[in-house]
Amino acid sequence: MSDDSDFEDFDDFIRELDTLYRKLSKRLSKQIREIERMVEHETARDEWDIKTIDKHGIKGFVAKKRSQNPPLRFPKEILENEAFFEPLVDIFEDKRSLKIYIELPNVTKEEIDLTISDGKIEVKAGVLYKIIPLPTRKIESEKAQAKYKNGVLKIRIPKLGRFARVKKGKYKIKVK
């Protein structure tokens with residue numbers, strides 16, 4: 001095998017990467033133009049909460065999609081509020097615990113209400129609401145811990161040992 005074939009493979013890879021970058025750039029530009037058009041014509045007002053940012057050389061938009069069909073299990077006060085949003089959630093599981101990260105921008109830790117029961121966490125914080133099914137029920141709900149900092153809520157729930165029994169009940173999680 002010659003050294004030239006290695007360079008040809010690399011050149012092919014760079015060309016493919018460049019093509020992918022151009023396609024992605026076109027798609028992103030198209031989506032940004034669509035958001036700008038929706039903002040200009042105010043056509044997104046019912047579906048989206050869009051705020052324009054234009055300060056100190058930073059221009060752009062913060063766009064949040066409103067949930068159109070809330071689940072029937074949502075509490076009455078959430079259903080009556082026309083503008084509620086589901087926060088973004090990441091769940092990680094290892095041998096010892098579940099770690100859950102929830103984006104809760106523009107709320108104080110005093111506004112956050114967390115409850116664990118029946119293998120799920122219920123999160124209420126201002127106009128943000130979500131029921132998060134957990135990947136396992138073998139957890140120590142009463143030992144769950146939550147910390148809120150910079151708009152991100154971090155929850156850690158220890159897992160039960162191999163032969164331990166799951167305790168049933170509803171547990172409030174205090175946010176620190």
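The values are calculated or read from the model by the stated rules, or taken from the named source; none is laboratory data. Treat the numbers as computed from the prediction; the structure is a model and nothing was measured. Note that each Cβ is placed from the backbone with ideal geometry, even for glycine, and that neighbours are counted across all protein chains shown.
Some observations on this one:
- Filter result for ILE112 (closer than 19 Å to LYS149 by Cα and surrounded by 17 or more Cβ atoms within 10 Å (Cβ to Cβ)): yes
- Positions within region 145-157 being in contact with a Phe, Trp or Tyr (Cβ under 7 Å, 6 or more places away or on another chain) and closer than 12 Å to SER97 by Cβ, in sequence order: LYS154
- Selection of region 87-120 for residues being of a type in the set (A, V, I, L, M, F, W, C), touching a residue at least 40 places away in the same chain (Cβ under 8 Å) and under 23 Å from ALA164 (Cα atoms) yields ILE91, LEU98, ILE100, ILE116.
- All of THR19, THR43 fail the test of being out of contact with any Ser or Thr (no Cβ under 6 Å at 6 or more places or on another chain), assigned to a helix (DSSP H, G or I) and either modelled with pLDDT of 80 or more or surrounded by 10 or more Cβ atoms within 10 Å (Cβ to Cβ) (or both), apart from THR19.
- Within region 124-143, considering residues that are touching a Phe, Trp or Tyr at 6+ places or on another chain (Cβ under 7 Å) and either of a type in the set (Asp, Glu) or at pLDDT 90 or above (or both), the one surrounded by the most Cβ atoms within 10 Å (Cβ to Cβ): SER141
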